[in-house]
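Just below is one structure, and these are the notes that go with it.
Values in this text are rule-based calculations from the coordinates and carry no lab data. Given the structure is predicted, the values throughout are model-derived calculations rather than measurements. Counting neighbours? That spans all protein chains shown, and the Cβs are built from the backbone with ideal geometry, glycine included.
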Amino acid sequence: MTAYWCELAWLGGDRAEAGVLVEVEAGLIAAVSAGTSAPASGARRLEGLTLPGLANAHSHAFQRALRGRTQHGSGSFWTWREQMYRVAERLDPESYHALARATYAEMALAGVTAVGEFHYLHHGRGGKPYGDANEMGRALITAAAEAGVRITLIDSCYLHGGIGEPPDGAQRRFSDGSADPWAERVDALREGGSVRIGAAIHSMRAVDPDAAAVVAGWARERDRPLHAHVSEQPAENDACLAAYGRTPTGLLSEAGALEARFTAVHATHLDDSDRSLLGGAGACCCVCPTTERDLADGIGLMSRLAQAGASLSLGSDSHAVIDLFEEARAVELDERLASGERGRHTAAALLRAASEGGHASLGWPDAGRIEVGARADLVTVSLGGVRLAGTEPENALDSVVFAAAAADVRHVLVDGREIVSDGRHATIDVARELHEAVLAATA
Ligand SMILES: [Zn+2]
């Protein structure tokens, strides 16, 4: 049994609680008591605000190599995609492992205890499968284990370069040809410990409706998380309407994908019937505001989705930055810009999306809360740095959500193991490994 005494901790309410003693045994939270006035003897003292583990529910690890390299000049999502494909062309299992290990370690420093890796870079150059067809996926699983974070490998079916078009260039590395070989390959991946295997329909651009139904059935039969990119760009809606007379959400509904296990990534350009389909299914919507901004995608109005019954999660997606506080506040702040109104999402609701919502979306329903029986993930944010100095217990949640940076995270516990102490990763020199891996992927 290890005891942690938190100066302040968020236990799920609208305010932080003071003096919270958390006892941990065998990777789980065994006891929680608030209002303890002094550290119990032998307890590890955590100064600042302690949160449950954060979940990064949408990641493409290799895109970390693009940071700062796509900002010059003009363009759109579609021109950015060409730059992204150039990095995808270069990677092999070894260089991808190095890049993902450093990227997941950067996430650990930011308080991420579980990552959802939306994985589609499966095969060798030209689309030739590796000897082990899951070699790239296994490299990601190993990378997460070394960085100390849990992973849900969301293996994505990706078959077409666009509706009715064969995959081209880098896209050939993504495709299994059809849905059945995709399912066979993914069935060879094993879950356990800190690994879950989920499924994804890359998008209704890259997967036809029949194949989408096969992927949805695979996830349902095995009770796995199912994700899809949904309506990130207006052109995606236009293509689906032109080819099928349905929106991407309408097509996913007909394919049997819309259930509580389903997460719609982005969900930026929806109509009211899309929102009621997603909300009625109790699906999750994973919003990735720093990427959506970066790619000029648009602003999804998440309060409307929440009102319709959808839950929310957050992802850093292309890793333009890795900072879930920035993602969380952007959900509210971007909606303020679009709506002319303040205060549609509370700090507690945004933290819930960053923690419990994300973990649920990734198939870890026992994580993301500081409560008895939950996984012992603790993320302690210092309130003493320049960004948060002056914070009082009553406004600690608002301060952290609206002003903290990932660099304010001091300690991170994952399943009872301390992977970040005093802002340093336990085993990885993160900046050095990022530097080397990014240069190797882009030089
Ligand atoms: Zn994505």
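Taking each pair of distinct Cα atoms in the chain once, what is the resulting Kirkwood hydrodynamic radius in Å?
21.8
Going by average Cβ neighbours within 10 Å, how do the peptides 91-98, 324-331 rank, with the highest at the top?
Packing proxy ranking, top to bottom: 324-331, 91-98.
Any idea what angle helix 234-244 forms with the longest principal axis of the chain, computed on alpha-carbon atoms, 0 to 90 degrees, nearest 10?
40
Given points 7 Å out from each Cα along the Cα-Cβ axis, report the VAL195 to ARG15 separation in nanometres with one decimal.
The modelled label-to-label distance comes out at 4.6 nm.
Any chance you could give the angle, 0 to 90 degrees and rounded to 10, that helix 209-222 forms with the longest Cα principal axis of the chain?
Computed tilt is about 40 degrees.
Which values, in whole Å and largest first, are the semi-axes of the equivalent ellipsoid of region 193-275 obtained as the square root of 5 times each eigenvalue of the Cα gyration tensor?
22, 13, 11
Counting Lys +1, Arg +1, Asp -1, Glu -1, what net charge surrounds ARG342 among other residues with beta carbon under 13 Å of its beta carbon? Mind dumping the intermediate values first?
Numbers: positive: ARG329, ARG336, ARG344; negative: GLU332, ASP334, GLU335, GLU341, ASP398.
Spelling it out: positives minus negatives among the neighbours equals -2.
Can you compute the charge dipole magnitude of the chain about its Cα centre, using +1 on each Lys and Arg Cβ and -1 on each Asp and Glu Cβ, nothing else charged? Give it in debye, rounded to the nearest 20.
440
By how many degrees, between 0 and 90 and to the nearest 10, does the Cα long axis of helix 430-442 differ from the longest principal axis of the chain?
10
Checking a compactness column here: for region 1-60, what do you get for Rg(Cα) / (2.2 N^0.38 Å), N being the number of residues?
This ratio for region 1-60 stands at 1.22.
According to the Kirkwood expression over distinct Cα-Cα pairs, how big is the hydrodynamic radius of region 300-384, in Å?
Result for region 300-384 stands at 14.0 Å.
Just want to confirm a number: the relative contact order over region 141-292, from Cα pairs under 8 angstrom separated by 6+ residues, in percent.
20
Just to check I understand the Karplus step: with θ = phi - 60° and J = 6.51 cos²θ - 1.76 cosθ + 1.60, what whole-Hz values come out for region 375-390, glycine and proline as x?
Taking θ as phi minus 60°, the curve returns 4, 7, 10, 10, 10, 9, 9, 5, 9, x, x, 5, 6, 10, 4, x Hz for region 375-390.
Taking the alpha-carbon centroid of each part, what is the distance from region 238-252 to region 276-305 in angstrom?
Between the Cα centre of region 238-252 and that of region 276-305, the gap is 18 Å.
Looking at region 338-415, which trypsin sites (Lys or Arg not before Pro) are DSSP coil and have at most 11 other C-beta atoms within 10 Å of their C-beta?
ARG342
Determine ³J(HN,Hα), in whole Hz, for all residues of region 297-304 in sequence, where each value follows from phi through the Karplus function 6.51 cos²θ - 1.76 cosθ + 1.60 and θ = phi - 60°; x replaces Gly and Pro.
Here the 3J(HN,Hα) series is 6, x, 10, x, 8, 6, 5, 5 Hz.
In region 113-179, what GluC sites (Glu not before Pro) fall in a loop by DSSP, with at most 10 other Cβ atoms inside 10 Å?
Passing sites in region 113-179 do not exist.
Expressed as a fraction of 2.2 N^0.38 Å, the rule-of-thumb size for a compact globular protein of N residues, what is the C-alpha radius of gyration of region 285-338? Walk me through the intermediate numbers first.
Numbers: Rg = 10.5 Å, N = 54, 2.2 N^0.38 = 10.0 Å.
Computed over Cα atoms of region 285-338, the ratio equals 1.04.
State, as an integer percentage, the relative contact order of the chain based on alpha-carbon contacts under 8 Å between residues 6 or more apart.
21
What chymotrypsin sites (Phe, Trp or Tyr not before Pro) in region 1-52 are in a loop by DSSP, with at most 12 other Cβ atoms within 10 Å of the Cβ?
none
Tell me the label-point distance for the pair GLU254, ASP210, using the 7 Å Cα-to-Cβ offset, in nm and rounded to one decimal.
About 1.4 nm separates the two model spin labels.
Which residues in region 205-221 have a backbone N closer than 19 Å to a point placed 7 Å from the Cα of ASP168 along the Cα-to-Cβ line?
Hits in region 205-221 for ASP168 at 19 Å: 205-208.
Taking 7 Å along the Cα-to-C-beta vector as the label spot, tell me the ARG417-LEU333 distance in nanometres, rounded to one decimal.
Label at ARG417, label at LEU333, 3.4 nm between them.
Using the charge dipole of the chain (Lys, Arg: +1 at Cβ; Asp, Glu: -1 at Cβ; taken about the Cα centre), state which of THR79, THR268, ALA206 has its Cα farthest towards the positive end.
Among THR79, THR268, ALA206, the one farthest towards the positive end of the dipole of the chain is THR79.
May I ask you to derive the relative contact order of region 244-372, considering only C-alpha pairs under 8 Å and at least 6 residues apart, and to give it as an integer percent?
Relative contact order of region 244-372: 21 percent.
Along the charge dipole of the chain, Cβ charges K/R +1 and D/E -1, which of GLY340, ASN56, ALA374 sits furthest on the positive end?
So the residue we want is ASN56.
Distances over 14 Å make up what percent of all Cα-Cα pairs in region 94-138?
In whole percent, the long-distance tail amounts to 57.
Measure out, as a whole number of angstrom, how far apart the alpha-carbon centroids of region 363-388 and region 142-168 sit.
27
Mind checking the dipole of region 173-236: about its Cα centre, +1 per Lys or Arg Cβ, -1 per Asp or Glu Cβ, Debye to the nearest 20?
So the magnitude is around 260 debye.
Restricting to the chain, what percent of DSSP beta bridges are antiparallel, rounded to 5?
Antiparallel bridges: around 40 percent, rounded to the nearest 5.
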